[in-house]
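K.L.:
Mind having a look at this structure? Questions to follow.
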Amino acid sequence: MTRAVTRNSCTASTSPRRRALLAMALAASLALPAPARAQGNAPIKLGVMLSFTGPAAISAATYWYGIRMGVKEINDAGGLLGRKIEIVQADDQFNPAQAVSEARRLAQLEKVNFVLGPGSSGLALAVAPIFNEAKIIYFSTSVAVIPTPYNFSPMMSTSAYVAPMVKYMRDVMKAKTVALLSDDGAASKATVQDFKKQLAAAGLIIVAEQEHGSRPTDVTPQLLSLRRANPDVLIQSSSYGEDAGLVIKSLADIGWNVPVMSTAAGLAAGAAMKIAGPDAFKSERIYSTVPISHTYCASDKPGAGGYAQYVARLKAFDPQNFGNIDEKSSLYLYDALQFLKAAVEATRSLDGPTLAAWMDQNGSRVRGTAGSTFAVAPGSHYMMGPDSIAIVRHPEQLRPADKLVERLNAC
């Protein structure tokens with residue numbers, strides 16, 4: 001059952017897929033409150049803080065899909081510590097002030113045991129003081145460092161994320177010089193700083209830098225400026241696949257055939273192609289990253305891995321809406337829930353400090369749904385490490401048997 005708070009909805013576009021995703025998010029946000037239960041059989045309260053309405057509603061709908069399946073699987077198997085999980089929903093509207101308000105409600109009024117979300121680095125930072133004071137474990141999809149021992153992320157640190165890209169540019173692409181183009185968000189600023197450190201250590205020279213706002217309508221001036229520096233590789237860093245798509249399209253418009261290493265195009269290939277078109281990756285000059293669990297080597301047997309089994313369960317869970325989500329992204333907070341489950345079952349506790357200490361010490365022994373080992377350790381609360389990242393050139397080409405992408409490294 002679900003508790004929910006409804007806020008202002010955003011306007012749907014004319015895209016059928018977008019309308020379907022927004023409908024999923026809005027239906028979730030209109031769910032009725034769950035009835036009270038006797039204290040002796042009280043459910044474990046799982047807060048789910050996502051942008052059910054607003055500009056990030058599509059991502060929220062995808063995360064929500066995986067979370068709902070994960071909760072159902074746990075409840076169908078008897079729950080946690082013999083108690084059912086009850087979802088308490090919170091709509092942060094992709095707004096820091098609203099996120100803070102909802103975090104207070106979850107922590108102080110609903111008294112949730114732990115939280116999945118929010119879905120961005122900026123919002124994770126905004127709610128950190130509240131969940132820190134309440135000693136509540138929460139899993140944001142942040143790639144920036146959050147100053148609380150209670151925040152964990154199913155993503156990777158910017159340092160871990162950058163490492164395989166720098167290695168590939170140096171060892172495979174044989175680059176000597178690079179240019180940097182990034183948005184002005186907190187995540188990209190942190191990523192750029194890690195690029196600068198690791199590029200210098202690898203002997204690659206940055207010959208030019210440019211920045212743009214989030215969700216820009218034109219990046220041509222920045223690209224023309226960078227082109228004058230004639231780099232071997234253009235590094236594109238942004239939080240949104242649409243921004244990567246705009247860069248790819250604009251490069252074609254100005255006739256600049258520079259190889260691109262993108263932090264966003266692989267993780268959000270569909271969003272990139274909405275802007276750059278279906279042939280966005282046809283040039284084979286666009287290199288990008290995805291979790292290695294979403295990829296295969298040419299010698300791998302199709303359909304045999306944990307990820308393929310997860311996708312099959314996901315499709316069976318809600319076949320009507322399966323085609324409207326990004327099944328890869330749905331795995332992030334699903335796996336976060338599995339990590340919480342492992343910690344609760346091992347400690348027999350719902351206490352935040354107890355769970356955080358166990359995850360610090362045992363995180364590297366827990367395997368994710370797709371088979372990779374989590375990288376959580378004291379001082380690093382990211383579930384993915386450098387070995388979890390794959391370089392790909394065709395994120396849009398999925399192997400039919402298991403929806404995986406062919407990777408270029410670590411085969």
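K.L.:
Please find, within region 45-82, the residue that is farthest from Val311 (Cα to Cα) out of those that are outside any helix (DSSP H, G or I) and of a type in the set (Val, Ile, Thr).
P.N.:
Per the criteria, the residue is Thr53.
K.L.:
Pro302 fails exactly one of the following numbered conditions: (1) touching a residue at least 60 places away in the same chain (Cβ under 8 Å); (2) surrounded by 15 or more Cβ atoms within 10 Å (Cβ to Cβ). What is the number of that condition?
P.N.:
(2) is the only condition that Pro302 fails.
K.L.:
Only residues that are β-branched (Val, Ile, Thr) and crowded, with 20+ Cβ neighbours inside 10 Å: list them for region 121-147, please.
P.N.:
Val127, Ile130, Ile136, Ile137, Thr141, Val143, Ile146
K.L.:
Moving to a separate point now. Of the conditions (1) at pLDDT 90 or above; (2) more than 23 Å from Ala265 (Cβ to Cβ); (3) surrounded by 15 or more Cβ atoms within 10 Å (Cβ to Cβ), Gln361 satisfies every one except a single condition; which number is it?
P.N.:
Single failed check for Gln361: (3).
K.L.:
Quick check on region 333-340. Is at least one of its residues closer than 30 Å to Gly270 by Cβ and touching an Asp or Glu at 6+ places or on another chain (Cβ under 8 Å)?
P.N.:
no
K.L.:
Take region 348-405 and flag every residue that is charged (D, E, K, R) and either assigned by TED's automatic domain parsing to the domain that holds Ser153 or outside any strand (DSSP E or B) (or both).
P.N.:
Residues satisfying the conditions are Arg348, Asp351, Asp360, Arg365, Arg367, Asp387, Arg393, Glu396, Asp402, Lys403.
K.L.:
Taking helices (runs of 4 or more DSSP H) that fall entirely within region 209-316, which contain at least 3 residues that are among the small types (Gly, Ala, Ser)?
P.N.:
241-254, 269-276
K.L.:
Given the conditions (1) surrounded by fewer than 20 Cβ atoms within 10 Å (Cβ to Cβ); (2) in contact with a His (Cβ under 9 Å, 6 or more places away or on another chain); (3) farther than 23 Å from Asn132 by Cβ, which single one is not true for Ala370?
P.N.:
In the conditions (1) surrounded by fewer than 20 Cβ atoms within 10 Å (Cβ to Cβ); (2) in contact with a His (Cβ under 9 Å, 6 or more places away or on another chain); (3) farther than 23 Å from Asn132 by Cβ, Ala370 misses (1) alone.
K.L.:
If you don't mind, there's one more thing I want to ask. Within region 87-119, work out how many residues are among the charged types (D, E, K, R) and surrounded by fewer than 21 Cβ atoms within 10 Å (Cβ to Cβ).
P.N.:
4
The values are calculated or read from the model by the stated rules, or taken from the named source; none is laboratory data. Keep in mind that this is a model prediction, so the values were computed, not measured. Methodologically, a virtual Cβ is constructed for each residue, glycine included, from the backbone with ideal geometry; neighbour enumeration extends over all protein chains shown.
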